[in-house]
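These notes concern the structure reproduced below.
The values are calculated or read from the model by the stated rules, or taken from the named source; none is laboratory data. Fair warning: this is a prediction, and the values are worked out from it, not measured in the lab. Positions of Cβ are backbone-derived with ideal geometry, glycine not excepted, and every protein chain shown enters the neighbour counts. Remember, those area values only see protein heavy atoms, side chains included, never the ligands or the DNA or RNA. Shrake-Rupley method; radii C 1.70, N 1.55, O 1.52, S 1.80 Å.
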Amino acid sequence: MKIHDAIVGMLLAAVGIAILVHIQDYPTIPGQRYGPALFPGIIAAGFVLCGALLLRRGIRRGGPAFEPGAWTRSFHHASNFALVIGALVFYLLASEALGFAVAGSLILLALFWKLGVRLVIAIPAAFAATLVVHTLFYKLMRVPLPWGVLEPLAW
């Protein structure tokens, strides 16, 4: 799906302006010219500039606001897209109760199955990938992932 450049430009500029408004409340560091708002401010200014350029280009070119891509007419591709969205919704709703490991494994298993991976490979790959991601986030980056039904096995 192609979204018109003017629409994307307006959204990008709006996000940049919202960031610029938000960082005004960031504290200053005594004795320094810059503080914690410097880098978000630079990035936000870039968003506004790029958004304005996209908006200008979109207005000059014209055309439809939305143009569906070829994949939207393919049931296979559209169902893959719907499955990914459904997987995200499932994770949001079930991760606290089931836990990251169980929900993540089920999601990966469903995605592998839909994409044609044989179950002999998909099952161990889903569990192994979930275990690796859990270890990276939980142990190395100390992100508190939900344990859910595996709470008694928490490490």
**Prompt:** For the stretch 55-80, how many residues are open to solvent by less than 40 Å² (accessible area, probe 1.4 Å), touching a residue at least 24 places away in the same chain (Cβ under 8 Å) and part of a helix (DSSP H, G or I)?
**Reply:** 3
**Request:** Six or more apart or on different chains, Cβ under 6 Å: which pairs go from a residue in the stretch 117-137 that's part of a helix (DSSP H, G or I) to one that's surrounded by fewer than 13 Cβ atoms within 10 Å (Cβ to Cβ)? Could you list them?
**Result:** Phe137/Val143
**Message:** Restricting to the stretch 104-116, name every residue that is open to solvent by less than 50 Å² (accessible area, probe 1.4 Å) and either farther than 20 Å from Leu93 by Cα or of a type in the set (Gly, Ala, Ser) (or both).
**Reply:** Gly104, Ser105, Ala110
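From the list Leu111, Leu49, which one is more than 30 Å from Val133 (Cβ to Cβ) and either at pLDDT below 95 or assigned to a helix (DSSP H, G or I) (or both)?
On the way: Leu111 fails: more than 30 Å from Val133 (Cβ to Cβ).
Just one listed residue meets the conditions, Leu49.
Among the residues of the stretch 81-88, is there at least one that is under 22 Å from the mean Cα position of the chain (by Cα), within 25 Å of Glu151 (Cα to Cα) and surrounded by fewer than 16 Cβ atoms within 10 Å (Cβ to Cβ)?
Of the residues in the stretch 81-88, the ones under 22 Å from the mean Cα position of the chain (by Cα) are 81-88.
Narrowing the set further to residues that are within 25 Å of Glu151 (Cα to Cα) leaves 87-88.
Narrowing further to those that are surrounded by fewer than 16 Cβ atoms within 10 Å (Cβ to Cβ): 88.
Checking the stretch 81-88: at least one residue is under 22 Å from the mean Cα position of the chain (by Cα), within 25 Å of Glu151 (Cα to Cα) and surrounded by fewer than 16 Cβ atoms within 10 Å (Cβ to Cβ).
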**Flag if Ala52 is within 30 Å of Phe112 (Cβ to Cβ) and open to solvent by less than 100 Å² (accessible area, probe 1.4 Å)** = no
**Message:** With the requirement that a residue be out of contact with any Phe, Trp or Tyr (no Cβ under 9 Å at 6 or more places or on another chain) and surrounded by 11 or more Cβ atoms within 10 Å (Cβ to Cβ), what does the stretch 117-149 give you?
**Reply:** Val117, Phe127, Ala128, Ala129, Leu131, Thr135, Leu136, Val149
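Taking the criterion of being under 29 Å from Gly16 (Cβ atoms) and either in contact with a helix residue (DSSP H, G or I) (Cβ under 9 Å, 6 or more places away or on another chain) or not polar (S, T, N, Q) (or both), would at least one residue in the stretch 68-75 satisfy it?
Initial filter on the stretch 68-75 (under 29 Å from Gly16 (Cβ atoms)): 68-69.
Next, from what is left, pick out any that are either in contact with a helix residue (DSSP H, G or I) (Cβ under 9 Å, 6 or more places away or on another chain) or not polar (S, T, N, Q) (or both): 68-69.
Yes, there is a match, as at least one residue in the stretch 68-75 is under 29 Å from Gly16 (Cβ atoms) and either in contact with a helix residue (DSSP H, G or I) (Cβ under 9 Å, 6 or more places away or on another chain) or not polar (S, T, N, Q) (or both).
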